[in-house]
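J.: What follows is a structure written as structure tokens; I'll ask about it next.
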Amino acid sequence: MALEPVILITSLYMMIVLMLVLQGYTGLRNVLFGIMLPAEARQDPAVRTIRRNYALLTGGFAAVIAGVCLLWLRHQPARGLLILTTAILLVIIASCFAVWISRMSAVRLKAARGWEIPVQSKRAASLTPGQRYRPVLSTWWYSVNAAVMALCIFFAAAKWDTIPQVLILGNFIFNKSMWIVFVLNMVQALNITVFLCYNRLISRARTSLDPLDREGSLQKQLAHKQIHSILAWAASLLMIVFVGVVQAIGLYGWKGSLLFLSGMSLLAALFLALTGVMLYLRIKGIDQLRDVPSLEDRHWKWLGSIYVNPEDPALLVPSIHGFGWTVNMANPRGKFIVAATAAIPLIEFVLIVPVINK
């Protein structure tokens, strides 16, 4: 396997590992791997130990998996892409195991300390944020993304006669056809559709206010929505530009090294943007949202990550990890959203595989 794809996927692996290791230190300070804690427990040495042990355990798993996969890659370099993809999947599974261990430790600690969290049912709803504020970017912002896609389509159509009959992209060789030339534009269109829907969901996420600080909690939630909306738009634009570069390399004979450079630039930009936003949210305290009905242990299933509350009419609630929102799986529309999200990689697979097979 060529060195450049190895560097690209290895960088992705390291970024994923870092995000997983830091998972124990992000999110609501009064939540320990999905277990709600009282305010006085935040500085408890045992709580800090559980967070540290999770980071060490996940990091250890990641190191072992990386070592085994590198040995495998050394003996079977032709299967490099499969090996490195397997490493990413394994480290995610290992992280889930580490979360399970840490969550059990948090449950035992909470029982041993006798910590009890009073259930607060009182909450205030804001009925006017959509009228007085604009918490997310307008749909018109995505016209920039659509314009980039349109330019890619225009140049492909305008240069149709100059496009070679045999196209080469990396180790793949394709015969020129309408499908081969424009399939990546379909991927771009799917990208725009997905992020537009996500932006719409953000705008419709519940605004549940703290009765003790209504205006302050409202401003926090509006800022949270706006930051995520901007981040989603920028991520969509970067991905569309990257796909356009891939298309240009295959159709117009641009230097193949641009694929590696643009891929690394995309990963670096996404990573820096994500970590920068997370740090900003933490510094400003915007990640410490209060959504009282969703902060009960019994409503958070499967390692405290899936929200299931049939008594809550909301479709989306703030994630207990302090970043973004999560779907209420007790809501029929929530199940549809999760199914549609899971179908996106399958749709892209269906679009791309016929191209590779040719």
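The values are calculated or read from the model by the stated rules, or taken from the named source; none is laboratory data. Every value quoted in this text rests on a predicted model; they were computed, and no experiment measured them. As a convention, Cβ positions derive from the backbone with ideal geometry for all residues, glycine included, and neighbour counts pool all protein chains shown.
J.: Here are some residues: Gln247, Gln226. Which one is in the same structural domain as Ile173 (by TED's automatic domain parsing), part of a helix (DSSP H, G or I) and under 24 Å from Met278 (Cβ atoms)? Reasoning before the result, please.
T.: Details: Gln247 fails: under 24 Å from Met278 (Cβ atoms).
Just one listed residue meets the conditions, Gln226.
J.: Any residue at all in the range 160-174 that is of a type in the set (Asp, Glu), farther than 27 Å from Gly27 by Cα and modelled with pLDDT under 90?
T.: yes
J.: Tell me, yes or no, whether the range 289-306 has at least one residue that is modelled with pLDDT of 80 or more, over 21 Å from Ser229 (Cβ atoms), assigned to a loop (DSSP other than H, G, I, E, B) and among the polar types (S, T, N, Q).
T.: No, that holds for no residue.
J.: Give Met15, Met19 a once-over and let me know the one that is touching a Phe, Trp or Tyr at 6+ places or on another chain (Cβ under 6 Å) and under 21 Å from Val277 (Cα atoms). Even if it seems obvious, please write down each step before you answer.
T.: Working: Met19 fails: touching a Phe, Trp or Tyr at 6+ places or on another chain (Cβ under 6 Å).
Going through Met15, Met19 in turn, just one is touching a Phe, Trp or Tyr at 6+ places or on another chain (Cβ under 6 Å) and under 21 Å from Val277 (Cα atoms): Met15.
J.: For the range 67-85, state whether one or more residues are hydroxyl-bearing (Ser, Thr, Tyr) and under 16 Å from Leu18 (Cβ atoms).
T.: Narrowing the range 67-85 to residues hydroxyl-bearing (Ser, Thr, Tyr): 85.
Subsequent filtering for residues that are under 16 Å from Leu18 (Cβ atoms) retains none.
Checking the range 67-85: not a single residue is hydroxyl-bearing (Ser, Thr, Tyr) and under 16 Å from Leu18 (Cβ atoms).
J.: For the range 208-251, which residues satisfy the criterion of being touching a strand residue (DSSP E or B) at 6+ places or on another chain (Cβ under 7 Å) and surrounded by 20 or more Cβ atoms within 10 Å (Cβ to Cβ)?
T.: Within the range 208-251, Ser208, Leu209, Ser217, Leu218, Ile249, Gly250, Leu251 qualify.
J.: Also, I was wondering about something else. Is the range 62-70 home to any residue that is part of a helix (DSSP H, G or I) and within 20 Å of the chain's Cα centre (by Cα)?
T.: Restricting attention to the range 62-70, the residues satisfying the condition of being part of a helix (DSSP H, G or I) are 62-70.
Okay, now just the ones that are also within 20 Å of the chain's Cα centre (by Cα), so 62.
Among the residues of the range 62-70, at least one is part of a helix (DSSP H, G or I) and within 20 Å of the chain's Cα centre (by Cα), which makes the answer yes.
J.: Is it true that Ala94 is in a helix (DSSP H, G or I) and surrounded by 13 or more Cβ atoms within 10 Å (Cβ to Cβ)?
T.: On the way: in a helix (DSSP H, G or I): yes; surrounded by 13 or more Cβ atoms within 10 Å (Cβ to Cβ): yes.
So Ala94 fits the description; yes.
J.: So which residues in the range 23-55 are of a type in the set (A, V, I, L, M, F, W, C) and surrounded by 13 or more Cβ atoms within 10 Å (Cβ to Cβ), if there are any at all? Quick ask: steps written out before the conclusion?
T.: Quick first cut of the range 23-55, residues of a type in the set (A, V, I, L, M, F, W, C) only: 28, 31-33, 35-37, 39, 41, 46-47, 50, 55.
Listed by number, the residues that qualify are Leu28, Val31, Leu32, Phe33, Ile35, Met36, Leu37, Ala41, Ala46, Val47, Ile50, Ala55.
J.: What pairs come out if I take residues in the range 190-206 that are free of Cβ contacts under 8 Å to residues at least 24 places away in the same chain and pair them with residues that are of a type in the set (Asp, Glu) whose C-beta lies under 7 Å away, six or more apart or interchain?
T.: As it stands, the answer is none, since no pair meets every condition given.
J.: Let me ask another. Which one is farthest from Trp115 (Cα to Cα), of the residues in the range 1-21 that are at pLDDT 85 or above and surrounded by fewer than 16 Cβ atoms within 10 Å (Cβ to Cβ)? Steps first, please.
T.: If we filter the range 1-21 for residues that are at pLDDT 85 or above, which is where we start, we get 13-21.
Filter once more, so that each one left must be surrounded by fewer than 16 Cβ atoms within 10 Å (Cβ to Cβ): 14, 18-19.
Details: Met14: 37, Leu18: 31, Met19: 29 Å.
Ranking the qualifying residues of the range 1-21, first place goes to Met14.
J.: So which of Val241, Val245 is modelled with pLDDT of 90 or more, out of contact with any His (no Cβ under 8 Å at 6 or more places or on another chain), over 30 Å from Pro38 (Cβ atoms) and of a type outside the set (Lys, Arg)? Working first, answer last.
T.: Details: Val245 fails: modelled with pLDDT of 90 or more.
The match here is Val241.
J.: Closer than 25 Å to Asp312 by Cα and outside any helix (DSSP H, G or I): which single residue out of Arg200, Arg206 fits that description?
T.: Values: Arg200 fails: outside any helix (DSSP H, G or I).
Within the list Arg200, Arg206, the selection yields Arg206.
J.: Do we have any residue at all in the range 4-27 that's in contact (Cβ under 8 Å) with a residue 12 or more places away in the chain and assigned to a strand (DSSP E or B)?
T.: No, that holds for no residue.
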